[in-house]
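Participant: I'd like to ask some things about the structure below.
The values are calculated or read from the model by the stated rules, or taken from the named source; none is laboratory data. Computed from a predicted model, the values in this text were never measured in an experiment. Methodologically, a virtual Cβ is constructed for each residue, glycine included, from the backbone with ideal geometry; neighbour enumeration extends over all protein chains shown. Just so you know, the surface numbers come from the protein's heavy atoms only, side chains and all, with ligands and any DNA or RNA stripped out. Shrake-Rupley method; radii C 1.70, N 1.55, O 1.52, S 1.80 Å.
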Amino acid sequence: DIMCRLLNLQTLRVSGDLSCYHSGVSKSVCELHKIECLKLVNESKLSRMVLSEYQFPPSLIQLSLSNTELMEDPMPILENLPRLRVLKLKQNSYLGRKLACVGLSSFPELKVLHLKSMYWLDEWTMGAGAMPKLESLIVNPCAYLRKLPEELWCIKSLRKLDLHWPQTQLRQGLRTFEDMEWRYDIQLYPYGI
């Protein structure tokens with residue numbers, strides 16, 4: 001009831017048991033037609049958030065998920081948010097092994113993608129034309145990720161790439177782009193692995 005009165009609310013952080021209160025949170029957020037920045041933090045140790053049970057308003061520009069422990073790939077749901085510019089999937093937000101951004105108009109406005117603490121991620125696929133405006137990609141850590149999608153290198157706006165704890169196969173694959181330092185700011189952490 002309170003949320004429907006906050007018609008001009010632009011930034012919201014929701015913390016708590018997101019699996020138990022998903023219908024109330026989803027309904028309330030969708031009624032906020034001017035909301036631009038949303039952070040969802042699951043604080044329940046006993047339950048996981050199911051992203052398909054949520055609806056997000058098309059006005060979102062920034063979305064951050066933390067501790068949601070999603071089992072299903074979140075990208076097919078999130079890639080259709082028309083204004084989303086910043087997506088942060090942080091601290092155990094997704095526990096799966098594969099990410100797929102394959103829609104023809106996937107993430108049309110996305111500029112920043114931050115993947116944090118996706119410890120088991122080992123495969124990421126992208127369709128041609130996905131994330132056409134991506135400027136910055138941070139993957140921390142990427143200990144099991146074998147390679148980055150080839151389509152990533154077709155994104156003309158991509159300028160910054162930060163990879164933490166990349167495995168040897170991924171590190172070697174990036175050597176191809178060392179000659180293109182004028183275009184890419186590639187940072188690998190820690191140095192000297």
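Participant: Kindly indicate the residue of the stretch 39-53 that is over 16 Å from the mean Cα position of the chain (by Cα) and not polar (S, T, N, Q) and also surrounded by the most Cβ atoms within 10 Å (Cβ to Cβ) among those meeting that condition.
Facilitator: 48
Participant: OK, next. Would you be able to tell me the number of residues in the stretch 1-38 that are surrounded by 14 or more Cβ atoms within 10 Å (Cβ to Cβ) and in a helix (DSSP H, G or I)?
Facilitator: 7
Participant: Could you run through the stretch 1-44 and say how many residues are farther than 23 Å from residue 83 by Cβ and either aliphatic (A, V, I, L, M) or touching a Gly at 6+ places or on another chain (Cβ under 8 Å) (or both)? If you could, list the steps in order and put the result at the bottom.
Facilitator: Residues of the stretch 1-44 farther than 23 Å from residue 83 by Cβ: 1-2, 5, 15-17, 19-21, 23-24, 42-44.
From what is left, the residues that are either aliphatic (A, V, I, L, M) or touching a Gly at 6+ places or on another chain (Cβ under 8 Å) (or both) are 2, 42-44.
The number of residues fulfilling the criteria is 4.
Participant: Mind telling me which of the residues 147, 156 ends up being open to solvent by 60 Å² or more (accessible area, probe 1.4 Å), farther than 20 Å from residue 53 by Cα and out of contact with any helix residue (DSSP H, G or I) (no Cβ under 7 Å at 6 or more places or on another chain)?
Facilitator: Going through 147, 156 in turn, the sole match is 156.
Participant: Let me ask something additional. Test each condition in (1) within 16 Å of residue 165 (Cα to Cα); (2) surrounded by fewer than 20 Cβ atoms within 10 Å (Cβ to Cβ); (3) under 13 Å from the mean Cα position of the chain (by Cα) for residue 100 and report the one that comes out false.
Facilitator: Every listed condition holds for residue 100 apart from (1).
Participant: Under 7 Å between Cβ atoms, at least 6 apart or on separate chains: pull out the pairs that start in the stretch 143-169 with a residue that is more than 15 Å from residue 188 (Cα to Cα) and touching a residue at least 24 places away in the same chain (Cβ under 8 Å) and end on any residue that is open to solvent by less than 90 Å² (accessible area, probe 1.4 Å) and acidic (Asp, Glu).
Facilitator: 157/135; 158/135
Participant: Output the residue which, of all residues in the stretch 145-193 that are closer than 25 Å to residue 119 by Cβ and of a type in the set (Val, Ile, Thr), is modelled with the lowest pLDDT.
Facilitator: 193
Participant: If I go through the stretch 54-80 residue by residue, how many of them are surrounded by fewer than 19 Cβ atoms within 10 Å (Cβ to Cβ) and in contact with an Asp or Glu (Cβ under 7 Å, 6 or more places away or on another chain)?
Facilitator: 3
Participant: Could you tell me which numbered condition residue 107 fails, if it satisfies all but one of (1) at positive phi; (2) open to solvent by 40 Å² or more (accessible area, probe 1.4 Å)?
Facilitator: (2)
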